[in-house]
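The values are calculated or read from the model by the stated rules, or taken from the named source; none is laboratory data. Nothing here was measured: the structure is a model prediction, and the numbers come from that model. Methodologically, a virtual Cβ is constructed for each residue, glycine included, from the backbone with ideal geometry; neighbour enumeration extends over all protein chains shown. Calculation scope for accessible area: heavy atoms of the full protein, side chains included, ligands and nucleic acids excluded. Shrake-Rupley method; radii C 1.70, N 1.55, O 1.52, S 1.80 Å.
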Amino acid sequence: MTAYYNEIDPFAAQWLRNLISAGHIAPGDVDERSIADVQPDDLKGYTQCHFFAGIGGWSYAARLAGWPDDRPIWTGSCPCQPFSRANSVYKRGQGTKDDRHLWPVWGGLIEAMQPAVIFGEQVTDSIAGGWLDEVFGDLERLGYACAATCIAALGVGSPQERERLWIVCDADAERWEGLGLVPAIDGAHAEVTAWSEVARAGGAYRGKRWETKPGVRLLADGIPAHVGRLRAYGNAIVPQVGAQVIAAYLDAEKPAAANDNDGVRDEKAA
């Protein structure tokens, strides 16, 4: 019942260790190497694998959704810089040509290990940038059923919009035929988006300006480790949104499991 966390930023990696020690996320090991240096053999024996782990948002989201620590899961939030609109302002975002486009590396590990279910997150600009087409094309060739949706964090009570692309991929595509993985994820989108509209109507949001802002000071002068904290916050997912996506998958899985010939899911190796 051990999780694997891959995070190259030392500050975030230590944060992960602290959260593990405090019992807030699944127990496991933190690997600070670049994902490019990780080999499939390094992942053998791990029940859960979290790549680009940041401060453990996906592991926490899984717990919020009721996903047991001893059930296999792979998660990852690939670097957004190649596709982010903020980077394109400085002409740095090169899309799939950017050397920070690390899906091919993560995808290679997925192909080698064939995890049963994968959850991921990216900036919405990545859709136009071709990231989603590449990811789903690669995974569907491996036999995965794939679904995606865009959900804003304000729908779960966050004081910022933070709309992101969320993906779910299940290794048993045949089992999901006609059973609605895509509608289930769309359902999560509809539910959270409804709350987003309520939040906007309630006055927290005006155009592109928030009247209520996160409690993180933007000035780093003289505050120890504040730059590290800002970087970690900025790269983190909103776990409550991730939990909605995972919960939607769990709900959709019930009729899918009932449709199995023997009524028991055949989990592939984590």
Some residue of segment 53-66 being farther than 19 Å from G137 by Cβ, β-branched (V, I, T), in contact with a Cys (Cβ under 8 Å, 6 or more places away or on another chain) and open to solvent by less than 50 Å² (accessible area, probe 1.4 Å): no
Unmet requirement for D70, which otherwise passes all of (1) in a loop (DSSP other than H, G, I, E, B); (2) at pLDDT 95 or above; (3) open to solvent by less than 30 Å² (accessible area, probe 1.4 Å): (3)
Every residue from segment 19-44 that is closer than 26 Å to G108 by Cβ and either buried (at least 19 other Cβ atoms within 10 Å of the Cβ) or under 17 Å from the mean Cα position of the chain (by Cα) (or both): I25, A26, G28, V30, D31, I35, V38, L43
Hey, A53 within 23 Å of W166 (Cα to Cα), touching a Ser or Thr at 6+ places or on another chain (Cβ under 8 Å) and part of a loop (DSSP other than H, G, I, E, B) or not: yes
T47, sole failed condition from (1) within 16 Å of D70 (Cβ to Cβ); (2) more than 19 Å from the chain's Cα centre (by Cα): (2)
Segment 1-48, subset in a loop (DSSP other than H, G, I, E, B) and of a type in the set (S, T, N, Q), residue nearest to A236 (Cα to Cα): S34
